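One structure is given here, and the rest of the page talks about it.
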Amino acid sequence: MTQSSKPANSPANAPANAMWGGRFEGGNDAIMQAINASIGFDRRLAAQDIAGSRAHAAMLAAQGIVTSSDAEAIREGLLTVLSEIEGGNFPYRVELEDIHMNVEARLKEIIGEPAGRLHTGRSRNDQVALDFRLWVRDQCDAAITGLEALMKAFLAQAEAGADWVMPGFTHLQTAQPVTWGHHMLAYVEMFARDRSRFIDARARMNECPLGAAALAGTSFPIDRDATAAALGFDRPTANSLDSVSDRDFALEFLSASSICAMHLSRFAEELVIWSSSQFRFVKLSDKWTTGSSIMPQKKNPDAAELLRSKLGRILGATVALFTIMKGLALTYSKDMQEDKEQTFDAADSLMLGLAAMTGMVSDMEALRDNLKTAAASGFSTATDLADWLVRELGMPFRDAHHVTGSLVAMAEKAGIDLPDLTLEQMQSVHEGIRKDVFDVLGVDNSVRSRMSYGGTAPEQVRAQVARWQEQLA
């Protein structure tokens, strides 16, 4: 028999992927295999894939769709497959495309015919939607845990430095004195919002797509509530078309990750500035710095600099997935295979960033004397002087602003700070100024006076620290 006359199901003409190959007489081109296969990266979904299959098999048995003996063989076989994967002994095969087909093929090698019944009532479409959703849900949990650890590190700094004075900045110019604890608490608030976003996203994604099948549901009498409960979901998804085409859960995770990475980047920038010899506000641990190959005096804040750059990767992944999804008609298209690599990379970058920042914040040493010296510079108590003029002399604030500006100009011309002006010099600008004005011009007095809720006064800082410690306990 010539090759052209061989039957379509002969080994020579068998398609590369016998799992879906009944429709095809020939194998894929090697380049098609390369562009089509996802096993190189979606093997990260192995644990989620096997968990979903175990829940599905148990449900099929409970519904009488497969026998109990077949379900038990599938359960035991899947545990063997998981053991091989966890032990690094699993024989991944590119020609089987993805983690789903690799697991199913290996299951068949282990238990034989019952493996073929596992896929009853489901499709790779709802299978991958389930696996990916489970994986992203796990990453939300990891992000929440990481953020809580980071918040506690900032709280420890805030509690220790509740009354340490430092300059507050606008435009990177000295504005008003604040406390170190107050500055640390600003980041607690930022990362708390990030935490709430991941909590919200997790709650929204906690619906189970398994049972949507390819796109229309299935004619088998499956119990979707049972599989949803077995996998820790609140409920099954309500529309099969949306179930297999939805990637909002990944987009929400990436969006929350991008905002969180932006916050990490902002504090990383402060660490780069603060640890410089020009500022000398903080001393970073040797654990998070490197040296120079040519300049022996250097101690570079490389960890902080790398954390700044992580936002680019995470935001890039977010934009990439938005771009993939924006033009897809319902339901599933193979474009959606490209949803995973950037999400995996973004999650890795975020978790690494959270861990690194927690370490840096825990180890950093605030240089208290330098902070206080800087807080007293740049006429930082000018607003306190203006407030005193309003409060003590009944002056309209705009007039007080003008008088204070004149006194700042006088001090600047003399090369001194506001507290160094004499009473006579001040009275030459406004005769009503009294000696007790000097009580508000010191930086310690300034921060103690900021007693409004959420203000920088040490008393307020300690109250906020206690509130957050209770919430995170």
For the chain, what number results from the quotient of the Cα radius of gyration and 2.2 N^0.38 Å?
1.38
Sticking to Cα atoms, compute the Rg of segment 321-473 to one decimal and its Dmax as the biggest Cα-Cα distance, whole number, in Å.
26.3, 80
Expressed in nm to one decimal, what extension gain is obtained for the pair D302 and R462 from 0.36 nm per residue of sequence separation less their Cα-Cα distance?
54.4 nm
Over all alpha-carbon pairs of segment 196-292, lay out the pair-distance distribution in 5 Å bins, whole %, shortest bin first.
2, 11, 14, 14, 10, 8, 8, 7, 6, 6, 6, 4, 2, 1, 0
Measure out, as a whole number of angstrom, how far apart the alpha-carbon centroids of segment 70-89 and segment 127-153 sit.
25 Å
Between S452 and Q425, what is the FRET efficiency for a Förster distance of 41 Å, r being their Cβ-Cβ separation, to the nearest 0.05?
0.85
On a 0 to 90° scale, report how tilted helix 397-414 is relative to the longest principal axis of the chain, with both axes built from alpha carbons and the result rounded to the nearest 10.
80 degrees
Let me cross-check L393: its accessible surface, 1.4 Å probe, with only protein heavy atoms counted, in Å² to the nearest 10?
50 Å²
Expressed as an acute angle from 0 to 90° and rounded to the nearest 10, what is the orientation of the C-alpha long axis of helix 248-274 relative to the principal long axis of the chain?
30 degrees
Rounded, prolate or oblate, given the Cα gyration tensor of segment 30-117, with a/c below 1.5 counting as rounded?
prolate
Listed residues K298, K287 arranged by accessible area, highest first, probe 1.4 Å
K287, K298
Degrees, to the nearest 10: 124-160 long Cα axis against longest axis of the chain:
20 degrees
Taking all protein chains together and a probe of 1.4 Å, list D126, D223 from the most accessible to the least accessible.
D223, D126
Out-of-range pairs (alpha-carbon distance over 23 Å; input K152/K287; K152/K372; K108/K340)
K152/K372; K108/K340
Once the Cβ-Cβ distance between F41 and R75 is put in as r, and R0 is 25 Å, what FRET efficiency do you end up with, to the nearest 0.05?
0.40
Using per-residue counts of other Cβ atoms within 10 Å, averaged over each peptide, order 159-169, 321-331 from highest down.
159-169, 321-331
In whole Å, what is the distance between the alpha-carbon centres of segment 174-215 and segment 324-388?
12 Å
Taking R0 as 51 Å and r as the Cβ-Cβ distance between A216 and A355, the FRET efficiency 1/(1 + (r/R0)^6), rounded to the nearest 0.05, comes to 0.70
Rounded, prolate or oblate: which one fits segment 158-209, using the alpha carbon gyration tensor with axes a ≥ b ≥ c (rounded when a/c is under 1.5, else prolate when a/b beats b/c, else oblate)?
oblate
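The values are calculated or read from the model by the stated rules, or taken from the named source; none is laboratory data. Please read these numbers as outputs of a predicted model, since none were measured by experiment. All Cβ positions, glycine included, derive from the backbone under ideal geometry; neighbour counts span all protein chains shown. With ligands, DNA and RNA removed, areas are computed over all heavy atoms of the protein, side chains included. Shrake-Rupley method; radii C 1.70, N 1.55, O 1.52, S 1.80 Å.
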